[in-house]
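Working notes, structure below.
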Number of protein chains: 2
Amino acid sequence: MEKFELHILGCGSALPTTRHFASSQVVNVRDKLYMIDCGEGAQLQFRKSRLKFSRLNHIFISHLHGDHCFGLLGLISTLNLLGRTAQLHIHSPKGLEDLLAPMLDFFCRQMTYKVLFHEFETNTPVIVYEDRSLTVTTIPLRHRIPCCGFLFAEKQCPNHIIREMVDFYKVPVYELNKIKNGLDYTTPEGEVIPNSLLTRPSALPRRYAYCSDTICTPGIIEQIRGVDLLFHEATFADANLPRARETYHTTATQAGEIAKAAEVKKLLIGHFSARYEDENILLEEASIVFPETVLASETLCLNV
Amino acid sequence: MEKFELHILGCGSALPTTRHFASSQVVNVRDKLYMIDCGEGAQLQFRKSRLKFSRLNHIFISHLHGDHCFGLLGLISTLNLLGRTAQLHIHSPKGLEDLLAPMLDFFCRQMTYKVLFHEFETNTPVIVYEDRSLTVTTIPLRHRIPCCGFLFAEKQCPNHIIREMVDFYKVPVYELNKIKNGLDYTTPEGEVIPNSLLTRPSALPRRYAYCSDTICTPGIIEQIRGVDLLFHEATFADANLPRARETYHTTATQAGEIAKAAEVKKLLIGHFSARYEDENILLEEASIVFPETVLASETLCLNV
């Protein structure tokens, strides 16, 4: 199976603690790295996770709160000191480029590479990245400022050719691509060999959904239905539900309810409030509703 | 003895590694905390060192390179989330306020406290802070951009009264302050009791000098002569002397030579280039010239 991994660089919330860094994750799809959010210290955690800067070309920022983007300046500077030449693409809600440009002009003179900003609206899903194996689509969220999650979806791979059957029917090489893409084969004698005899289906495309920060938003359920892995913020425990509503955050129980309603395969919770010395309370509350829940932690790596 | 400690929060150079954070230190003088430089992650290391944000009112920035100030935004935001009300003073070379103000306006709306910027020239020593027990003076350094170090100097305390002698001569209470400050006492009978009989001298005032980043600059020697503790950058080993000159940094040997010429009591070296997996090469080179050398490391705490 092709690589599709998630690395947690930081899973704390706005107040950093000795236990957690601010929000940042890296998705590894076939050794291309995609960063989601870039809180202070993200570059340090990136190194600690033994990831390679040269494989990182795209950064997706969910919203313009400091704990999700204060690590960008340090990361951009470091890449410059390392003599990077490849363009770096930063995808974010509107406003980031105007804020960062004067800082970059001052602190990163003589840039060895280009930083390209791509800004999007957060109120409807938008495809913000696409290549031949992956799409990244925004997931509209509801927070105190414009905010969205990101859905990383593998594209369906072509079917696998069954070598023995293709040899048996003496299928010419130039027909193989059509057969991979689902067409039947007609022999010179006019016999139709159904595609299902010649191929076996490739693995189902996998999907990872990142949802942070947000008040509990059932509107996302259809878009994330059935994903292999859902990261959902669970800033607060039940006892702090009023505080969660007030600050536009989600409780662990609500994260479990979203995961259950969306029939996801696995739920990963994070963005923990600094008030919880022990996040097992959050794990327990979410697990009651949705047993397939795990706690995020720094340098955790999961297969999607 | 009153508290006068140095905490190392980060002692790496521009490229962060898994071993070192960017530059930041905290000087604790009688439980008032003074931060020197504030590289990315400084607030995390501050917490890890179990220091109290409420005791921090002054931050001194040596120069406007990212590895010495990218942690300011996160720290200022955190203090705001914590509901700080006391003013925070940031002392730096010219330009920092203009750079940070738009970011603070955007990311730290509804500030609970004021950040006051105090900007100075770096070409001559300036007293940038003074209270009844301490002065902080800039130390002009030579780097690629305007840069200075900082000299933390305790003020001489008044002499200690020798209780038994004062009682013996029946010195009235209202005379005690004058005696503490060095005056002799004249009895009602006209006998002059020399001050040296009535007091013993207080401890010698202690001094800490921070010198980073800089090309080797013998011009600083007179200003730092005899300090109790000198932090001097030692970015490179001897083998990289040309690189040190080119980038306006110092080698470990040169740091030792400065310490020796200035007759300091102890030398602490830091700002290590990321190329040294093991900094003992730097320690060895400095120690040959100046044996009383120690290596900086994260969360190290030294008495000045």
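The values are calculated or read from the model by the stated rules, or taken from the named source; none is laboratory data. If you're wondering where the values come from, they're calculated on a predicted model, not measured in any experiment. All Cβ positions, glycine included, derive from the backbone under ideal geometry; neighbour counts span all protein chains shown.
Every condition in (1) facing chain A (nearest Cβ under 8 Å); (2) at positive phi is met by B:G83 except one, and the failing one is (1).
Quick check on this structure: which one of A:C69, A:C108 is touching a helix residue (DSSP H, G or I) at 6+ places or on another chain (Cβ under 6 Å), within 14 Å of another protein chain (Cβ to nearest Cβ) and not basic (K, R)? Even if it seems obvious, please write down each step before you answer.
On the way: A:C69 fails: touching a helix residue (DSSP H, G or I) at 6+ places or on another chain (Cβ under 6 Å).
Criteria check complete, one pass: A:C108.
For the range A:98-122, how many residues meet the condition of being of a type in the set (A, V, I, L, M, F, W, C) and under 27 Å from the mean Cα position of the chain (by Cα)? So the answer is 8.
Screening A:C11 on (1) at the interface with chain B (Cβ under 10 Å from one of its Cβ atoms); (2) of a type outside the set (D, E); (3) within 22 Å of B:R47 (Cβ to Cβ) shows it passes everything except condition (1). A:L64 meets all of the listed conditions (1) surrounded by fewer than 22 Cβ atoms within 10 Å (Cβ to Cβ); (2) farther than 27 Å from B:N80 by Cα but one, namely (2).
For every residue, the table says whether it meets (1) surrounded by fewer than 23 Cβ atoms within 10 Å (Cβ to Cβ); (2) small (G, A, S); (3) in contact with a helix residue (DSSP H, G or I) (Cβ under 8 Å, 6 or more places away or on another chain).
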{"position": "A:A209", "(1), (2), (3)": "no, yes, yes"}
{"position": "A:I220", "(1), (2), (3)": "no, no, yes"}
{"position": "A:R225", "(1), (2), (3)": "yes, no, no"}
{"position": "A:R245", "(1), (2), (3)": "yes, no, no"}
{"position": "A:T250", "(1), (2), (3)": "no, no, yes"}
{"position": "A:A261", "(1), (2), (3)": "yes, yes, yes"}
{"position": "A:E279", "(1), (2), (3)": "yes, no, no"}
{"position": "A:E285", "(1), (2), (3)": "yes, no, yes"}
{"position": "A:T293", "(1), (2), (3)": "no, no, yes"}
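Beta carbons closer than 6 Å, at least 6 apart along the sequence or on distinct chains, pair a first residue in the range B:240-261 that is at positive phi with a second that is aliphatic (A, V, I, L, M) and buried (at least 16 other Cβ atoms within 10 Å of the Cβ) for B:Y248/B:I215. Looking across B:T85, B:T122, B:T137, one residue alone is assigned by TED's automatic domain parsing to the domain that holds B:F231, over 23 Å from B:H63 (Cβ atoms), hydroxyl-bearing (S, T, Y) and out of contact with any Asp or Glu (no Cβ under 8 Å at 6 or more places or on another chain). It is B:T85.
Summed over the range B:186-207, residues that are surrounded by fewer than 16 Cβ atoms within 10 Å (Cβ to Cβ) and within 20 Å of the chain's Cα centre (by Cα) total 3. Taken together, B:A255, B:A244 contain a single residue that is part of a helix (DSSP H, G or I) and within 21 Å of B:T137 (Cα to Cα), which is B:A255.
From the list A:I139, A:I90, which residue is within 20 Å of the chain's Cα centre (by Cα), among the β-branched types (V, I, T) and over 20 Å from A:H232 (Cα atoms)?
On the way: A:I139 fails: over 20 Å from A:H232 (Cα atoms).
After ruling out the rest, the residue left standing is A:I90.
Does the range B:224-241 contain at least one residue that is under 29 Å from B:Q156 (Cβ atoms), out of contact with any strand residue (DSSP E or B) (no Cβ under 9 Å at 6 or more places or on another chain) and not in a helix (DSSP H, G or I)? Yes, the range B:224-241 contains at least one residue that is under 29 Å from B:Q156 (Cβ atoms), out of contact with any strand residue (DSSP E or B) (no Cβ under 9 Å at 6 or more places or on another chain) and not in a helix (DSSP H, G or I). Of the residues examined, A:L268 is one that is under 21 Å from A:P218 (Cα atoms), at pLDDT 95 or above, part of a strand (DSSP E or B) and aliphatic (A, V, I, L, M).
Based on this model, can you work out whether A:R55 counts as surrounded by fewer than 21 Cβ atoms within 10 Å (Cβ to Cβ), touching a strand residue (DSSP E or B) at 6+ places or on another chain (Cβ under 8 Å) and away from chain B (no Cβ under 11 Å)? Yes, satisfied.
Based on this model, can you work out whether B:G95 counts as within 8 Å of another protein chain (Cβ to nearest Cβ), at positive phi and either surrounded by fewer than 22 Cβ atoms within 10 Å (Cβ to Cβ) or of a type in the set (D, E, K, R) (or both)? Considered against the rule, which asks whether it is within 8 Å of another protein chain (Cβ to nearest Cβ), at positive phi and either surrounded by fewer than 22 Cβ atoms within 10 Å (Cβ to Cβ) or of a type in the set (D, E, K, R) (or both), B:G95 comes out as yes.
Given the criteria touching a residue at least 24 places away in the same chain (Cβ under 8 Å) and more than 11 Å from every other protein chain (Cβ to nearest Cβ), does A:V126 qualify?
Values: touching a residue at least 24 places away in the same chain (Cβ under 8 Å): no; more than 11 Å from every other protein chain (Cβ to nearest Cβ): yes.
Here the answer is no, as A:V126 does not meet what is asked.
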